[in-house]
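Novice: Have a look at this one before I ask anything.
The values are calculated or read from the model by the stated rules, or taken from the named source; none is laboratory data. Everything numeric in this text was worked out from a predicted model, so none of it was measured. Backbone-built Cβ (ideal geometry, glycine too); neighbour counts: all protein chains shown. Each accessible area value is taken on the protein alone, full model and side chains, heavy atoms only, with ligands, DNA and RNA left out. Shrake-Rupley method; radii C 1.70, N 1.55, O 1.52, S 1.80 Å.
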Amino acid sequence: QDHICSLPKVPFRGAPCSDAAGSQVPYATIMKQVNSSLSGVLWDEVQKAPFYEYKDSVGQFHQVWFDDPHSISLKAAYVKSRGLRGIGMWNGNSLDYSGEAVAEQQTQAMWQALTP
């Protein structure tokens, strides 16, 4: 109701709440799933990141956080404004390189967002 989703505390390399409690979802899957989700795209102003919520086939509630060109461009602009030496990303292989027209546009927009 308040878009609060808790992850179980699964220790992993000393982090009390980590990716060991969740899983990575490819960007292509996110882009296809977000439009049919319960919430559509939501925005967290603190994290400067989009997310959405859905229920799976057994009725379990899920929340998916991701970056898009807008959130990445905000982060890249922050890095540039602070005079930092660069920005990294978790996994560029999760973008959609299928060659479909929409996928190509989304992938190009993500890479362009890294250079403010």
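Novice: Which of the residues that make up segment 43-74 are surrounded by 10 or more Cβ atoms within 10 Å (Cβ to Cβ), at pLDDT 90 or above and among the charged types (D, E, K, R)?
Specialist: 44, 48, 53, 67, 68
Novice: Quick check, is residue 113 open to solvent by less than 90 Å² (accessible area, probe 1.4 Å), in contact with a Leu (Cβ under 6 Å, 6 or more places away or on another chain) and modelled with pLDDT under 90? Quick ask: steps written out before the conclusion?
Specialist: Numbers: open to solvent by less than 90 Å² (accessible area, probe 1.4 Å): yes; in contact with a Leu (Cβ under 6 Å, 6 or more places away or on another chain): no; modelled with pLDDT under 90: yes.
No: the conditions fail for residue 113.
Novice: With (1) buried (at least 16 other Cβ atoms within 10 Å of the Cβ); (2) β-branched (Val, Ile, Thr); (3) more than 17 Å from residue 25 (Cα to Cα) as the list, and residue 102 as the residue in question, which single condition is left unmet?
Specialist: All conditions pass for residue 102, except number (1).
Novice: Looking only at residues that are in a helix (DSSP H, G or I) and closer than 22 Å to residue 28 by Cα in segment 77-99, which one is most open to solvent (accessible area, probe 1.4 Å)?
Specialist: 93
Novice: Taking only pairs six or more apart or across chains, which ones have beta-carbon atoms under 6 Å, a first residue in segment 32-44 that is within 17 Å of residue 67 (Cβ to Cβ) and in a helix (DSSP H, G or I), and a second residue that is open to solvent by 40 Å² or more (accessible area, probe 1.4 Å) and not basic (Lys, Arg)?
Specialist: Between residues of segment 32-44 that are within 17 Å of residue 67 (Cβ to Cβ) and in a helix (DSSP H, G or I) and residues that are open to solvent by 40 Å² or more (accessible area, probe 1.4 Å) and not basic (Lys, Arg), the close pairs are 34/41.
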